[in-house]
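Comments concern the structure below.
The values are calculated or read from the model by the stated rules, or taken from the named source; none is laboratory data. Since the model is a prediction, treat every value here as computed from it, not as a measurement. Here the Cβ positions follow ideal geometry from the backbone for every residue, glycine too, while neighbour counts run over all protein chains shown.
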Amino acid sequence: MNKNRLKHLAIIMDGNGRWAEKHGYKRTKGHERGAEVTREITVFCANHPTIETVTHYAFSTENWKRPKLEVEYLMKLLDRYLKKELKTYQEENIRFMAIGDISAFSRKLQERISLTTELTKENTRLIQILALNYGGRDEIVRAANRVIEGGGKITEESLGAALDTPYQDIDLLVRTSGEQRLSNYLLWQLSYSEFAFTPTLWPDFTTDELASIIGDFEKRKRRFGGV
Ligand code: FPP
């Protein structure tokens with residue numbers, strides 16, 4: 001039997017807050033540990049034989065509703081992450097890209113995102129996409145407006161091409177922390193994706209668990225509407 005080939009992996013990194021509470025820490029500590037796990041998983045993906053792209057949900061359009069201090073912390077953490085991980089991107093040959101409406105971020109953070117994108121654009125082993133101020137509906141609406149403003153007609157091809165990520169289907173979505181919902185993530189790109197939900201909280205998620213999830217995915221039957 002032919003194994004499924006995992007090319008595009010999407011991850012909803014959930015459970016940082018619960019992990020922190022469980023250990024008696026502030027929620028921010030959960031995010032800090034979460035960012036380390038994001039790096040470990042990304043390096044694993046770069047060394048995986050079939051994965052070409054990993055797309056992480058790092059900040060949703062709904063996350064602005066969190067307490068101001070937590071939002072500020074997440075912004076600072078993101079800036080620190082991109083600064084620190086530039087070395088990892090270059091050593092591991094990883095290209096960084098962002099999707100979402102980053103115009104709502106501070107100028108400093110927008111510059112950090114642009115700089116990281118620019119400095120890693122020739123890297124070829126893996127594309128790591130961070131979804132930032134991202135919402136699936138918002139992405140589709142912005143894409144539709146782009147097509148209309150360009151004088152085009154809305155088709156699957158024109159809309160798909162106008163999305164933040166050029167039309168690229170996702171093979172497998174992993175969500176940690178036991179929640180089984182999409183939370184407005186990559187609505188267009190997940191149309192034919194396989195889903196895997198694990199109760200593990202994101203700060204406890206390991207490359208071994210991901211390898212086991214990928215092993216299961218490779219054995220699934222994908223029919224894409226056919227027989
Ligand atoms: C969900 O945990 C996680 C987020 C809202 C943000 C994701 C951020 C990280 C993994 C850390 C930062 C990553 C980078 C790349 C800088 P939650 O707070 O919703 O957890 P809870 O549901 O247990 O409260």
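Among the residues of segment 97-123, those identified as assigned to a loop (DSSP other than H, G, I, E, B), surrounded by fewer than 17 Cβ atoms within 10 Å (Cβ to Cβ) and either away from the ligand (no atom under 16 Å from the Cβ) or of a type in the set (K, R) (or both) are D101, K121, E122. Within segment 76-96, if we keep just the residues that are among the aliphatic types (A, V, I, L, M) and in contact (Cβ under 8 Å) with a residue 40 or more places away in the chain, the residue that is farthest from the ligand (Cβ to nearest atom) turns out to be I94. Is it true that I148 is touching a residue at least 40 places away in the same chain (Cβ under 8 Å), hydrophobic (A, V, I, L, M, F, W, C), more than 23 Å from W202 (Cβ to Cβ) and surrounded by fewer than 21 Cβ atoms within 10 Å (Cβ to Cβ)? So I148 does not fit the description; no.
Once segment 59-96 is narrowed to residues that are of a type in the set (V, I, T) and assigned to a helix (DSSP H, G or I), the residue that is farthest from N16 (Cα to Cα) is T88. Scanning segment 147-189 for residues that are away from the ligand (no atom under 16 Å from the Cβ), assigned to a loop (DSSP other than H, G, I, E, B) and closer than 30 Å to I213 by Cβ yields L163, D164, T165, P166, Y167, Q168, D169, I170, D171, L187, W188, Q189. Filtered by the rule that a residue be without any contact (Cβ under 8 Å) to a residue 40 or more places away in the chain and within 8 Å of the ligand (Cβ to nearest atom), segment 64-75 gives a lone residue, R66.
Would you confirm, using the coordinates I've provided, whether R181 is at pLDDT below 95 and not β-branched (V, I, T)? Against the criterion (at pLDDT below 95 and not β-branched (V, I, T)), R181 does not qualify.
Among residues that are surrounded by 15 or more Cβ atoms within 10 Å (Cβ to Cβ), within 26 Å of A46 (Cα to Cα) and of a type in the set (G, A, S), S158 is not included. Scanning segment 45-61 finds one or more residues that are more than 9 Å from the ligand (Cβ to nearest atom), more than 28 Å from R125 (Cα to Cα) and either at pLDDT below 95 or crowded, with 16+ Cβ neighbours inside 10 Å (or both). Could you tell me whether any residue of segment 75-90 is exposed (fewer than 13 other Cβ atoms within 10 Å of the Cβ), closer than 13 Å to N133 by Cα and either out of contact with any Leu (no Cβ under 7 Å at 6 or more places or on another chain) or among the hydroxyl-bearing types (S, T, Y) (or both)? No; the residues of segment 75-90 include none that is exposed (fewer than 13 other Cβ atoms within 10 Å of the Cβ), closer than 13 Å to N133 by Cα and either out of contact with any Leu (no Cβ under 7 Å at 6 or more places or on another chain) or among the hydroxyl-bearing types (S, T, Y) (or both).
Scanning segment 1-40 for residues that are within 12 Å of the ligand (Cβ to nearest atom), closer than 20 Å to L173 by Cβ and not in a helix (DSSP H, G or I) yields I11, I12, M13, D14, G15.
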